[in-house]
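See below for the structure under consideration.
The values are calculated or read from the model by the stated rules, or taken from the named source; none is laboratory data. These numbers were taken from a predicted model, which means no experiment stands behind them. Here the Cβ positions follow ideal geometry from the backbone for every residue, glycine too, while neighbour counts run over all protein chains shown. In case anyone asks, the SASA skips ligands and DNA or RNA and just uses the protein heavy atoms, side chains included. Shrake-Rupley method; radii C 1.70, N 1.55, O 1.52, S 1.80 Å.
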Amino acid sequence: MNSKQFETAKMCLKVVTPINISDGIVLGAKDYLYDSRRQKVFFLNLHQWHMFIYKHMLLEKYESYLANFRDKQSLLEWLQMQGYDIDDVRTVITSEAQATVNLMDNEKKKTLNDINRHIQQPEGSLYVPGSSIKGVFRTAILYSLLQKRQDIKSKYWCYIKQQVDIIKTLLEEERKPRELQIMPYSVIKKKKDQAAKEIDKLTASLESELLHTLRLKDDKERNISNKNAVCSAMRGLQVSDTYASRNMQTAILQKVDGGFDKFGKASPKKLPIFRECMLPKAELFFDVKIEKAVMSTIGINTVDDLLKATHSFFAAVTDLLQQAFEKEYQEAFQGVAAGNMFLGGNTGFLSKTLLAMLAPDKDTAKNTIKVLLDKSFKTHKHLLRDKVIAPRTLKCTNYNGKLMLMGVAEVRKV
């Protein structure tokens, strides 16, 4: 392999603030053992757990428990009522996690509601998919390219703003009394959905224009349209999954939305959403490979270029958040400067979109984003309540007695 054509690097991903990358599995309160006294969650191998139930002739009682479950009795309490405890089922426990939160109005809960687990390898070790990391790199590269192409930035913002104005007008129409509406609700909804789809098309077109830089031909020597994903320069970037991390300590942490009360003071809201998270200082490793001839077409010639773009986007998002929240939420931003990417769930709308970066100024970005959010999440009242920034909440959790932003990581070459 010609080293002039490729650059490979071993990378380290260090957790700065708690990170959760969901595997799509959500465990209900009757699917895990929660010891509120020891503040630990014990996850079960369901096959072996059911074998335990059969072996000890508990099937009828277990089925009755499941059928009548009302979140009043934890699975551990039920197990203890049958004369067994944690030590009796050690062989069916796959892993455990600290759960230092009993935070529902200071009530010591016997369960933690649903738990979003962190993604694992089949044998149970935690990891971060390469696709998740590459997705962050991709957004950062798009941001970097937009800074250099103000013409493209202005053109697409104009198109997107037209569709947003259509949605805003329709939302205003929707809020009128029925007798004053000039079109039925079904038509309003259809037109809103059409405008939202048009924005999605414009976003995809923008990404194609910036990233689909390869000029390729098919088997018959015909030019392949740059709308085809095969023309994307991102094919020149390979990112491996992180290496398996056995015995990585995790914690079950609760979602906290950092917002403001009517007087503008910090008013964090604890939500009944729990995630299994990798914890600060944990380190995972992965590999990156850059094909220089391909990636150079989008301005990435080295791994250092990739990291520079990643940090620039992270800094831009962090700056937006700090301007809106840091005065009242200083604690949440402590140590964040050590990171260079947002990763995983509950990292917020701004860390995953370029809409705010396309807008000519912060107020225009806010007013546009809250229209789109109000269209998708009507009950959240974004148009009415997103006054300083949209969305109006900071995505946080409590860990070790401190309020922290979620999902901050540092990626570096080893």
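Key figures for this structure:
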quantity: Sole residue being within 17 Å of the chain's Cα centre (by Cα) and at pLDDT below 95, chosen from PHE342, PHE349, PHE313; calculated: PHE349
quantity: Selection within region 184-215 - aliphatic (A, V, I, L, M) and exposed (fewer than 13 other Cβ atoms within 10 Å of the Cβ); calculated: ALA204
quantity: Residue check, PHE286 aromatic (Phe, Trp, Tyr) and either surrounded by fewer than 17 Cβ atoms within 10 Å (Cβ to Cβ) or outside any helix (DSSP H, G or I) (or both); calculated: yes
quantity: Flag if SER95 is outside any helix (DSSP H, G or I) and either touching a Lys or Arg at 6+ places or on another chain (Cβ under 6 Å) or open to solvent by less than 60 Å² (accessible area, probe 1.4 Å) (or both); calculated: yes
quantity: Inter-residue pairs, beta-carbon under 8 Å, first on the phi > 0 side of the Ramachandran plot and in region 356-383, second surrounded by 14 or more Cβ atoms within 10 Å (Cβ to Cβ), 6+ apart; calculated: LYS381/ASP374
quantity: Within region 1-49, considering residues that are assigned to a loop (DSSP other than H, G, I, E, B) and of a type in the set (A, V, I, L, M), the one most open to solvent (accessible area, probe 1.4 Å); calculated: MET1
quantity: Total residues in region 262-278, condition open to solvent by 60 Å² or more (accessible area, probe 1.4 Å) and either farther than 20 Å from THR347 by Cβ or in contact with a Pro (Cβ under 7 Å, 6 or more places away or on another chain) (or both); calculated: 3
quantity: Pick from region 216-250, criterion modelled with pLDDT under 95, in a strand (DSSP E or B) and crowded, with 16+ Cβ neighbours inside 10 Å, ranking: nearest to the chain's Cα centre (by Cα); calculated: THR250
quantity: Within region 308-388, helices (runs of 4 or more DSSP H) holding 1 or more residues that are open to solvent by 70 Å² or more (accessible area, probe 1.4 Å), among the basic types (Lys, Arg) and under 28 Å from VAL16 (Cα atoms); calculated: 362-376
quantity: Hits in region 251-261 - residues which are more than 17 Å from the chain's Cα centre (by Cα), touching a residue at least 60 places away in the same chain (Cβ under 8 Å) and surrounded by fewer than 20 Cβ atoms within 10 Å (Cβ to Cβ); calculated: GLY259
quantity: Residue in region 161-181 that is of a type in the set (Val, Ile, Thr) and in contact with a Ser or Thr (Cβ under 8 Å, 6 or more places away or on another chain) present; calculated: yes
quantity: Counted residues, region 50-76 - those being closer than 22 Å to ARG117 by Cα and open to solvent by less than 20 Å² (accessible area, probe 1.4 Å); calculated: 3
quantity: Residue within region 77-87 that is modelled with pLDDT under 90, within 30 Å of LYS269 (Cβ to Cβ) and open to solvent by 40 Å² or more (accessible area, probe 1.4 Å) present; calculated: no
